[in-house]
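Enquirer: Structure provided below as structure tokens; questions to follow.
The values are calculated or read from the model by the stated rules, or taken from the named source; none is laboratory data. All figures in this text were calculated on a predicted structure; none of them were measured in a lab. All Cβ positions, even for glycine, are placed from backbone atoms using ideal geometry, and neighbour counts span all protein chains on display. Surface accessibility is based on the protein's heavy atoms, side chains included, excluding ligands, DNA and RNA. Shrake-Rupley method; radii C 1.70, N 1.55, O 1.52, S 1.80 Å.
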Amino acid sequence: MDGAEEARARDAAEEASAFSHPPVAPDATAAYGEHPDQVVDFYAPRGEPDRSAPLVVVLHGGAWRAPYDRVHLSPFADFLARRGFAVANVEYRRGWGSAQPPAAGEIPRQGAGPGIEPVRGGDPVAGRWPGTFDDVANALDLLPGLVREHLPLADTRRTVLTGHSAGGHLALWAASRHVLPEDVPWFLRRPLPLRGVVALAPIADFTTARDLDVCSGAPVQLLGGEARFEERRALADPSALLPTGIATTVVQGGTDVVVPPAVAEAYADAAAKAGEVVGFTMLEGTGHFPLIDPAADACAVVAEEIAQLAF
């Protein structure tokens, strides 16, 4: 077995471990829109029920494609809740193979992990423009009110935004909305009130991700194809929306073959050129999925990085 085969085998084993945990039901769920995917799951902090807790907002990955939903991140959300955090697990609209959900009976099992079958129209495309971005922006704008109602122990003054893979991209993007042009609907005049962002193996530099064909062209699909790539990249690529002035840490697996370290390194380089210091934790011998696997040591490192910002 050569080095590439070993890397693929290791990645498959890490993915299987991350997806082996049963889904964890939330303590409450609230809608932020009318679409079934416009919902947030809430997990109350475990223990010390009368004490307020920092709020961690999590955005799941899955290349912005429909078969991967928030359910696969629920064990990670529960892991953080057991570490004393209040957690909001945000769902958002993703892309289908035909740009519309398949007919009844053709939708893959929710929370599916490895071995997801293609949906009608071929492999699912990545995201919806502008719907995916609309949803993340709207969810975060409405979240304080939803938290007050459904997660009263959460201290929104101590909010940390985190996300894995494509969710890491969305977390970085959401924290940069005040950098967008003022005529863009997602623009905010002031930054989101965050303690910081912890981006986990994020698809954080779209040019590098495109050149490496990350997730089979997902960043290009998300922006509507090559013809729209550069135009929309300026509004969607975290590496093009710097500096943000918000404390940011990237956690990256050194042996990640899904979103290779070069993508996060390109983002960190862009931040440095923009005069912004980004924390960068490289976990050697770690791939893509241990960062969200409660059974992996890497997941404890992630929780500690969140705690460094939240407490």
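Enquirer: Please report, as a whole percent, how much of the solvent-accessible surface of region 225-282 comes from carbon and sulfur atoms (probe radius 1.4 Å).
Expert: 54
Enquirer: Counting Lys +1, Arg +1, Asp -1, Glu -1, what net charge surrounds PRO185 among other residues with beta carbon under 15 Å of its beta carbon?
Expert: My count for the surroundings of PRO185 gives -1.
Enquirer: Counting Lys +1, Arg +1, Asp -1, Glu -1, what net charge surrounds SER20 among other residues with beta carbon under 12 Å of its beta carbon?
Expert: Here the count lands on -3.
Enquirer: Then there is this: Which percentage, to the nearest 5, of the DSSP beta bridges contained in the chain is antiparallel?
Expert: Percentage antiparallel, nearest 5: 25.
Enquirer: With every protein chain present, what is the per residue accessible area of the chain (1.4 Å probe, Å²)?
Expert: 41
Enquirer: When the chain is fully extended, how far beyond the present Cα-Cα distance does SER20 get from GLU48, taking 0.36 nm per residue of separation? All intermediate terms of the calculation are to be shown ahead of the outcome.
Expert: Values: separation 28, 0.36 × 28 = 10.08 nm, distance 2.90 nm.
Contour length minus Cα-Cα distance gives 7.2 nm.
Enquirer: Would you please put 151-161, 226-236 in order of how densely packed they are, using the mean number of other Cβ atoms within 10 angstrom per residue and starting with the highest?
Expert: 151-161, 226-236
Enquirer: Further question on the same structure: Points 7 angstrom from Cα along the Cβ direction at ALA12 and ALA300: gap in nanometres?
Expert: 2.9
Enquirer: Name the long-range amide H neighbours of GLY163: under 5 Å, sequence gap of 5 or more, or other chain; modelled H, no Pro or chain starts.
Expert: LEU59, VAL198, LEU200
Enquirer: Taking only DSSP H segments of four or more residues, each worth -39500 (n - 2.57), what value at 222 nm results for the chain once the sum is divided by all its residues, to the nearest 500 deg cm²/dmol?
Expert: So the helix-based figure for the chain works out to -10000 deg cm²/dmol.
Enquirer: Could you compute the net charge surrounding ARG195? Neighbours are other residues with a C-beta less than 14 Å from the C-beta of ARG195; K and R count +1, D and E count -1.
Expert: So the environment of ARG195 carries a net charge of 0.
Enquirer: Note the listed values (i) 20.5; (ii) 22.8; (iii) 19.2, then indicate which one is Kirkwood radius over Cα pairs in Å calculated from this particular structure.
Expert: Working out Kirkwood radius over Cα pairs in Å from the coordinates points to (iii).
Enquirer: Moving on to the next point. Tell me the carbon and sulfur percent of the accessible area for region 114-217, rounded to whole percent, probe radius 1.4 Å.
Expert: Roughly 50 percent of what the probe reaches on region 114-217 is carbon or sulfur.
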